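First the structure, in the form of structure tokens, and then the observations on it.
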Amino acid sequence: MEPRGTKRRAEKTEVAEPPNSLPHAAPSLPTKPALYSGPFPFYRRPSELGCFSLDSQRQYHGDARALRYYSPPPTNGPGLNFDLRDGYPDRYHPRDEEVREGLDHLLRWLLEHRDQLEGGPGWLAGAVVTWRGHLTKLLITPYEQQEGWQLAASRFQGTLYLSEVETPAARAQRLARPPLLRQLMYMGYKFEQYMCADKPGGSPDPSGEVNTNVAFCSVLRSRLGSYPLLFSGEVDCMAPRAASTQPPTCYVELKTSKELHSPGQWRAFYRHKLLKWWAQSFLPGIPHVVAGFRNPEGFVRSLRTFPTMEMFEHVRNDRHGWSPSVCVNFCAAFLSFAQSTVVQDDPSPMPSSPRLVHLFSWEPGGPVTVSVHRDAPYAFLPTWYVEAMTADLPSPSKTTSPKD
Ligand code: GDP
């Protein structure tokens, strides 16, 4: 669905503007939930195209070596008592968040598998390529009241690539992250360690270190309305005894939350936290989120499974709740907006050509706005990717006649 009154037509970029043209309103996209309350749009059942792993040094491997296996404690065993603070900070090796990876790992996977993509020739040229986490942010935008975002977009060989840019506010917050929040982040990873084994049928080993460089990423194909999607998301674990062992339906997302007591606390949890959990797991088609509820001392004493497709039921009758249709309609409207805004295919095969980036920016309370940039710091498609993809194209000399 498209919001009323939105400019849908492609706008010329600032650089291409004729010098004496009349001023026109810059294109923007409104984000108010009421504009997106139509029926749920088509969302293709996500299918896994492949996967890759990042090791403890953040090195890429084109296999599932970092995949872990869901191994919850026996239900008939002693009372649950996971100490989420155990090992902090001595056995914590956090990822270096100053390293800006952009889409690099996903692009490496794509480069290595571009000839085997399903969907037929030309499928990739019509697709949007991004991280799942970026799409999650788009989905929750109509309801988000605190954190804005910026997404850099470049079109290359038809494909639209979207890569998040850390906003100055987010960077400032990250650098000033309070010690308690750092510990809380650790506790989320520690919970995964208590719930996962390295081998199917194995037992968790909480004695080791928590290294957040390690990641298992699933690469998925879907389609939202008429927009084919290729995205990757980090997956916590697979359930070896799931009803279906086929990814992504065998995957499980693990989360922690404060213990909730009053009906008011549950309501707030359903309104805010469950929206984020739903958006993140709905996109890749992960059917279950298993939550560990921690007490004020940081011990998980209870678990609860939330089926992704039932999360909305908790807010269906809440006037301050969220609607999956609003989220997905907004995401579709953003993709339409981005596709019609980013018209010029760039980088061109000429090595010295500038790298064009449209930067989509959003702050709560306002519309999504666009600015146009070239090269650093926003250009994000790496040279190794552009060159390898360009080398694939038939060279102009092969298409000219021998007489020329
Ligand atoms: P998520 O849905 O937000 O967890 O993000 P994705 O699953 O789409 O992950 C995208 C990439 O970002 C992967 O390489 C992840 O390892 C990495 N990543 C995951 N969580 C974070 C985070 O909190 N901060 C940053 N900067 N990167 C993350």
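The values are calculated or read from the model by the stated rules, or taken from the named source; none is laboratory data. From a predicted model like this one, the values you see are computed outputs, not experimental measurements. All Cβ positions, glycine included, derive from the backbone under ideal geometry; neighbour counts span all protein chains shown. Keep in mind that these areas ignore ligands, DNA and RNA; they rest on the heavy atoms of the full protein, side chains included. Shrake-Rupley method; radii C 1.70, N 1.55, O 1.52, S 1.80 Å.
Which ones in segment 274-321 are polar (S, T, N, Q) and in contact (Cβ under 8 Å) with a residue 12 or more places away in the chain? Before you say what the answer is, go through the steps one by one.
Let us first name the residues in segment 274-321 that are polar (S, T, N, Q), namely 280-281, 295, 302, 305, 308, 317.
Residues satisfying the conditions are Gln280, Ser281, Asn295, Ser302, Thr305, Thr308.
With the requirement that a residue be within 13 Å of the ligand (Cβ to nearest atom) and aliphatic (A, V, I, L, M), what does segment 123-150 give you? Quick ask: steps written out before the conclusion?
Here is the first cut: in segment 123-150, the ones within 13 Å of the ligand (Cβ to nearest atom) are 129-140, 147, 149.
Selection gives Val129, Leu135, Leu138, Leu139, Ile140.
For residues that are surrounded by fewer than 17 Cβ atoms within 10 Å (Cβ to Cβ), within 14 Å of the ligand (Cβ to nearest atom) and more than 27 Å from Phe293 (Cβ to Cβ), tally how many sit in segment 157-215.
Residues flagged as surrounded by fewer than 17 Cβ atoms within 10 Å (Cβ to Cβ), within 14 Å of the ligand (Cβ to nearest atom) and more than 27 Å from Phe293 (Cβ to Cβ) within segment 157-215 amount to 6.
Please go through segment 216-235 and pick out each residue that is among the small types (Gly, Ala, Ser), touching a Leu at 6+ places or on another chain (Cβ under 8 Å) and within 13 Å of the ligand (Cβ to nearest atom). Please lay out each step first, then the result.
So the first thing to find is which residues in segment 216-235 are among the small types (Gly, Ala, Ser), and the list is 218, 222, 225-226, 232-233.
Then drop every residue that is not touching a Leu at 6+ places or on another chain (Cβ under 8 Å), which leaves 222, 225, 232-233.
Residues satisfying the conditions are Ser232, Gly233.
Among the candidates Arg241, Arg267, single out the residue that is open to solvent by 10 Å² or more (accessible area, probe 1.4 Å), at pLDDT below 95 and farther than 30 Å from Leu162 by Cβ.
Values: Arg267 fails: at pLDDT below 95.
Every option except Arg241 fails the conditions.
Six or more apart or on different chains, Cβ under 7 Å: which pairs go from a residue in segment 84-109 that's under 28 Å from Ser232 (Cβ atoms) and touching a residue at least 60 places away in the same chain (Cβ under 8 Å) to one that's within 11 Å of the ligand (Cβ to nearest atom) and in a helix (DSSP H, G or I)? Could you list them?
Glu97/Arg174
Looking at segment 113-141 only, could you name the residues that are over 21 Å from the mean Cα position of the chain (by Cα) and in a helix (DSSP H, G or I)?
Within segment 113-141, Asp115, Gln116 qualify.
List the pairs whose first member sits in segment 251-267 and is closer than 20 Å to Asp318 by Cβ, whose second member is open to solvent by less than 30 Å² (accessible area, probe 1.4 Å) and in a strand (DSSP E or B), and whose Cβ atoms are under 6 Å apart, counting only residues at least 6 apart or on separate chains?
What qualifies is Ser257/Ala291; Ser257/Phe293.
Any chance you could count how many residues in segment 66-112 are surrounded by fewer than 16 Cβ atoms within 10 Å (Cβ to Cβ), of a type in the set (A, V, I, L, M, F, W, C) and part of a loop (DSSP other than H, G, I, E, B)?
Number of matching residues: 1.
Tell me, please, whether a residue that is closer than 23 Å to Leu220 by Cβ and more than 18 Å from the chain's Cα centre (by Cα) can be found in segment 268-284. First the steps, then the outcome.
Here is the first cut: in segment 268-284, the ones closer than 23 Å to Leu220 by Cβ are 274-284.
The next check asks that each one be more than 18 Å from the chain's Cα centre (by Cα); those that pass are none.
There is no residue in segment 268-284 that is closer than 23 Å to Leu220 by Cβ and more than 18 Å from the chain's Cα centre (by Cα).
Tell me yes or no: at least one residue of segment 118-140 is over 30 Å from Val315 (Cα atoms), open to solvent by 40 Å² or more (accessible area, probe 1.4 Å) and of a type in the set (Lys, Arg).
No, because not a single residue in segment 118-140 is over 30 Å from Val315 (Cα atoms), open to solvent by 40 Å² or more (accessible area, probe 1.4 Å) and of a type in the set (Lys, Arg).
Can you go through Val328, Val289, Val300 and tell me which one is crowded, with 21+ Cβ neighbours inside 10 Å, in a helix (DSSP H, G or I) and at pLDDT 95 or above? Show your work before the answer.
Values: Val289 fails: in a helix (DSSP H, G or I); Val300 fails: in a helix (DSSP H, G or I).
Of Val328, Val289, Val300, the one residue that is crowded, with 21+ Cβ neighbours inside 10 Å, in a helix (DSSP H, G or I) and at pLDDT 95 or above is Val328.
Out of the residues in segment 358-404 that are acidic (Asp, Glu) and more than 25 Å from Asp115 (Cα to Cα), state the one that is modelled with the highest pLDDT. I'd like the intermediate steps shown before the answer.
Start the filter on segment 358-404 by keeping residues that are acidic (Asp, Glu), which leaves 363, 375, 387, 392, 404.
Narrowing further to those that are more than 25 Å from Asp115 (Cα to Cα): 363, 375, 404.
Numbers: Glu363: 98, Asp375: 90, Asp404: 38.
Ranking the candidates gives Glu363 first.
Conditions tested, residue by residue: (1) closer than 21 Å to Phe293 by Cβ; (2) under 28 Å from the mean Cα position of the chain (by Cα); (3) within 14 Å of the ligand (Cβ to nearest atom).
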site: Ser53; (1), (2), (3): no, yes, yes
site: Gln57; (1), (2), (3): no, yes, yes
site: His61; (1), (2), (3): no, yes, yes
site: Ser71; (1), (2), (3): yes, yes, no
site: Thr75; (1), (2), (3): yes, no, no
site: Leu80; (1), (2), (3): yes, no, no
site: Pro89; (1), (2), (3): no, yes, no
site: Glu97; (1), (2), (3): no, yes, yes
site: Glu101; (1), (2), (3): no, yes, yes
